[in-house]
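First the structure, in the form of structure tokens, and then the observations on it.
The values are calculated or read from the model by the stated rules, or taken from the named source; none is laboratory data. Quick caveat: nothing in here was measured; it's all calculated off a predicted structure. Methodologically, a virtual Cβ is constructed for each residue, glycine included, from the backbone with ideal geometry; neighbour enumeration extends over all protein chains shown. In case anyone asks, the SASA skips ligands and DNA or RNA and just uses the protein heavy atoms, side chains included. Shrake-Rupley method; radii C 1.70, N 1.55, O 1.52, S 1.80 Å.
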Amino acid sequence: MKHSFQRAGLIAALSLFGGGLLLSWFTHGTGTVKDDPKRGISIPQQLTVPLQVQAAYNDKDIFFRYRWPAAKPGIFHDVVVYEGGKWVRKGKGNPGPEKDGMHEDRVAMMLDDGSVPEFARYGGYLAIGSGIASFTQHANGKEVAAQPHLGKKLKQEEVTKSLPETRTDLNDWSSVQPESTLQAQRQAGYFLDLWHWRGHRSNPIGMSDDQVIAEARLGDEGKSSATGNWDGKTNQPQWMFNPAKTGYKALRWDDIQSNKIDQESVYFLREGDVVPFDPQADWKDGDTLPRRLLRTPEGSMSDIAVQGKGRWADGYWDVTLTRKLDTGHPLDDKILKDRGAYALAFAIHRMATGARWHYVSLPVSLGLERPGDIVATKFATEQPTWGDKWTQVELFYPGQVSWPHLNSRQHAGAPNIKKGQPVTTHHSVEQLKHYGIEAEFAEEIRRQWWLTLWAGVLMILAFGVAFHQLVKRQPGA
């Protein structure tokens, strides 16, 4: 009888050990971190990308030069393709790289003069509020459209970047401050100046989009550099290429997909160089038209120009943007001054990615002929002569990390933020690129941790039972 109990104990121990081992075997390395389009998750293979920056200015203008790697130039945004007797949109967008490659390359720079003090400490994290589009948990489009200020007045269809003090509740995207408060904030300089160069919607006409981040990401006052080329009533384009100028009325989808159309080609529609769309033309399957019409921007939106033209060569984009130090639009732009000190943060999109699937930087200081991470040198001529000295800024994939999350109990560093300690005090880019992935898969990682813990507990328990039974079997035990 005694030996039967001991045998049963050993069998139980082996069962516990086997169960723990199997649990560990089947749950370890099962792909916790993997793409999940249904939840808007797409993890890039490369988590960091270097961005090189130079800056210079004279008495009137400031110049920023950017250089970053890209396997090929993204010079197309969305298009419409003639298929089976109708026009079909390509490039509507999806998590990660757009499946047809129809998302333009971009470089963006946020700029502040100290009026948004947290920006110099936390950079772009500050502008990621609750409900923001493309996060797994994002605001419903109908609810955004119904919100009195964002939807009904600003015609926003989704929640975009914003600053914390434009909300009465940090965790509620819809709690927008009264308009009188928003106006007072803007007049006090509580906004970020956003320079936004686009490979298709601005570069071909030598311009950069000029935007502002306040209660939302908004365009500056005036007319933008692009408008739509689609008639929703007839479900067809409004404009096509002028054959008298280009020799063709449309591009060919196969040529786009095989990269036969390069930067020297006329691949964009520009106001004044197009003709009205002719539905009776001999359209063939594969005929392709851009879904955007480029035009000359006006007003505050026309402040940022491209010096020369952004060019891609040998695996790198090289883009130089220029703007007046004082644009005369203080409610849209940060006015720059000789010897001034400012804060910057950068982002790039490449490999046909849009929305949040980009790379961002930590905040970077800018000094105009004064110390800073980036020093803008002063020159006396009309245009700068660039040397080989660059400031390299490491950009990283940020994941789903929002400002409300960083200020919540879920973030161990929330007390440090309340103390005003900069992100660089506690984190490096190397850490943050992994933290972004952890934020994408917080639930899965937590579940995996519990499974691993229980597997370990079972195996330890099994060892204890087995050891106890073996000791009892020894003579004299």
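What helices does the chain hold that run 20 Å or longer along their axis, going by alpha-carbon atoms, with a Kyte-Doolittle average of 0.0 or more, using DSSP H for the helix calls?
Details: long enough: 2-27 (38 Å, 0.78); 442-473 (47 Å, 0.52).
What comes out of the filter, once short or polar helices are dropped, is 2-27, 442-473.
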Quiz item: If one puts a single equal scatterer on every Cα of segment 313-383 and applies the Debye formula without solvent, what log₁₀ I(q)/I(0) results at q = 0.12 Å⁻¹?
Solution: -0.48
Quiz item: Is segment 41-104 best put as rounded, prolate or oblate by its Cα gyration tensor, with a ≥ b ≥ c the root eigenvalues, rounded for a/c under 1.5, and otherwise prolate when a/b is larger than b/c, oblate when not?
Solution: oblate
Self-check item: In sequence order, calculated HN-Hα J values of segment 327-341 (Karplus, 6.51, -1.76, 1.60; Hz; x Gly/Pro)
Solution: 7, x, 10, x, 8, 10, 10, 7, 7, 9, 10, 3, 6, x, 10
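Using a 10 Å Cβ count of at most 15 others and DSSP loop calls, identify the longest part of the chain lacking such chymotrypsin sites (Phe, Trp or Tyr not before Pro). Spell out each step's value before the answer.
On the way: sites that count: 248, 379, 386.
Between exposed loop sites, the widest span is 1-247.
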Quiz item: Once every DSSP H run of n ≥ 4 in the chain is given -39500 (n - 2.57) and the sum is divided by its residues, what mean residue ellipticity at 222 nm do you get, rounded to the nearest 500 deg cm²/dmol?
Solution: -6500 deg cm²/dmol
Quiz item: If each Cα of segment 268-359 is one equal point scatterer, what is log10 of I(q)/I(0) from the Debye formula at q = 0.10, 0.21, 0.22 Å⁻¹?
Solution: -0.49, -1.32, -1.33
Exercise. Please provide three numbers in whole Å: the alpha-carbon extents of segment 240-289 along the principal axes, with the largest listed first.
Key: 27, 24, 14
Practice problem: Identify all aspartates and glutamates with a Cα-Cα distance to residue 34 below 17 Å; exclude those on the same chain that are fewer than 8 residues away in sequence. | Solution: 438, 440, 443, 444
Quiz prompt | Quotient of C-alpha Rg and 2.2 N^0.38 Å, computed over segment 150-197 | solution = 1.19
Exercise. DSSP loop (so not H, G, I, E, B), at most 16 other Cβ within 10 Å: list which trypsin sites (Lys or Arg not before Pro) in segment 236-302 pass both filters.
Key: 260, 284
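Over the chain, with every protein chain in place, what whole percent of the accessible area is carbon and sulfur at 1.4 Å, could you tell me?
Values: 12750 of 23760 Å².
Using a 1.4 Å probe with all protein chains present, the chain comes out at 54 percent carbon and sulfur.
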Quiz item: Once you wrap a convex hull around the alpha carbon atoms of the chain, what is its projected area averaged over all directions, in nm²?
Solution: 32.1 nm²
Self-check item: Long-range amide H partners of residue 317 with built H, under 5 Å
Solution: 68, 70
Quiz item: For segment 85-205, what size does the Cα cloud have along each of its three principal axes, sorted from largest down, in whole Å?
Solution: 52, 32, 27
Practice problem: For segment 159-165, take each phi angle, set θ = phi - 60°, evaluate the Karplus expression 6.51 cos²θ - 1.76 cosθ + 1.60, and give the result in whole Hz per residue in order, putting x for glycine and proline. | Solution: 7, 10, 4, 7, 9, x, 6
Practice problem: Would you mind getting the accessible area per residue of segment 151-274, heavy atoms of the protein chains only, 1.4 Å probe, in Å²? | Solution: 47 Å²
Quiz prompt | Relative contact order of the chain, defined on C-alpha pairs under 8 angstrom at six or more residues apart (%) | solution = 26 percent
Quiz item: Applying the Karplus parametrisation 6.51 cos²θ - 1.76 cosθ + 1.60 with θ = phi - 60° to the phi angles of segment 209-217, what ³J(HN,Hα) value in whole Hz is obtained for each residue in order, glycine and proline being reported as x?
Solution: 5, 10, 10, 9, 10, 9, 6, 7, 7
Exercise. Take every Cα pair under 8 Å in segment 168-302 that's 6+ residues apart, average their separations, divide by the length, and report that relative contact order as a whole percent.
Key: 29 percent
Exercise. Report, ordered by chain and residue number, the lysines lying within cross-link reach of residue 142, taken as a straight Cα distance under 25 Å and ignoring same-chain residues fewer than 8 apart.
Key: 38, 90, 92, 152, 153, 155, 161, 233
Quiz item: Count of lysine pairs in segment 257-400 with Cα atoms under 30 Å apart, counting only pairs 8 or more residues apart in sequence or on different chains?
Solution: 16
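How charged is the neighbourhood of residue 168? Take every other residue with its Cβ under 14 Å from the Cβ of residue 168, and add Lys/Arg as +1 and Asp/Glu as -1.
Net of charged neighbours comes to -4.
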